[in-house]
1. Note the full-extension length gain between E47 and A128 as 0.36 nm times their separation in residues minus their Cα-Cα distance, in nm to one decimal.
2. If you take every residue apart from W144 with its C-beta less than 15 Å away from the C-beta of W144, what net charge results, scoring Lys and Arg +1 and Asp and Glu -1?
3. With n ≥ 4 as the cut-off for DSSP H runs, can you work out [θ] at 222 nm for the chain, using -39500 (n - 2.57) per run divided by the number of residues, rounded to the nearest 500?
4. What list do you get for I161, I110 if you sort them by fewest beta carbons within 10 Å?
5. Note down the magnitude of the dipole of region 15-167 about its Cα centre, charges +1 on Lys and Arg C-beta and -1 on Asp and Glu C-beta and zero elsewhere, to the nearest 20 debye.
6. Farthest toward the dipole's positive end in the chain, which of V127, L15, L156, given Cβ charges of +1 (Lys, Arg) and -1 (Asp, Glu) about the Cα centre?
7. Report, as a whole number in µm² per second, the diffusion coefficient that Stokes-Einstein gives for region 15-167 at 10 °C and 1.306 mPa s using the Kirkwood radius over alpha carbon pairs.
8. Would you please give the FRET efficiency between L103 and L60, computed as 1/(1 + (r/R0)^6) with r the Cβ-Cβ distance and R0 = 45 Å, to the nearest 0.05?
Amino acid sequence: MTEHTELHRAQGGPLPLAVRLGRIWGFTGVGLLLARPAWSLAKKGWEGAVVPGLGTSEWLALVAIVAAFTWGEGIQALGRRWVPRVVERIRRLGGETSATVLLLAPLYAIGLVCLPRRTLLRSWVGVAAIVLAVVTVRAMPHPWRGMIELGVSAALTLGVIAVLLHLTGSPEAPVEPAEAAT
């Protein structure tokens, strides 16, 4: 956080309007980034896996896949690692933050712009891995594709819930000290 923001907090005064709007935009953008595909994948997964009908072994596979994605991606990756970093970046937006960063707050929050090279590289490699996973899953036959879509949807839904929970007061998040809003 910047000295300007800390001064406002110490004096009990409100944050500048641009900062408040940037933070709202950051939270809203990240929430939509997770919620929209969660809904879309849930619908596609349901239509691709459940509607046509599943056998007993396929139902067991669906439960296992959704459980694995919920735990591994939803709770561990998104809820415990990614969302706390995103929230901390949004909260670091302060009075000295540039207009560009405030306008790009969702992209800044998820680590895709205006951050140290190492963070940017890690984030963009993550985006590339997601794109590769999407292409791979799209090539799979149903009902397996639908099962994975439902698992990913469950994980993304937990990500949305984690963002909402952090809005009301988050635990300390592990963030690299070199990351600062510019």
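1. Details: separation 81, 0.36 × 81 = 29.16 nm, distance 2.70 nm.
Extra length from E47 to A128 when fully extended: 26.5 nm.
2. Values: positive: K44, R138, R145; negative: E47, E58, E149.
Charge balance near W144 sits at 0.
3. Numbers: 8 runs with 117 residues, N = 182.
Theoretical 222 nm ellipticity from helices: -21000 deg cm²/dmol.
4. Details: I161 15, I110 22.
If I rank by nearby Cβ atoms, fewest first, I get I161, I110.
5. Numbers: 16 positive and 6 negative charges, 110 e Å.
With Lys and Arg at +1 and Asp and Glu at -1, about 520 debye.
6. V127
7. Numbers: Rh = 16.5 Å.
The diffusion coefficient I find is 96 µm²/s.
8. Working: r = 48 Å, r/R0 = 1.06.
About 0.40, to the nearest 0.05.
We did not get these values from a lab; they are worked out from the coordinates using the rules stated. Since this is a predicted model, take the numbers as computed values, not measurements. Note: ideal-geometry Cβ built from the backbone for every residue, glycine included; neighbour counts use all protein chains shown.
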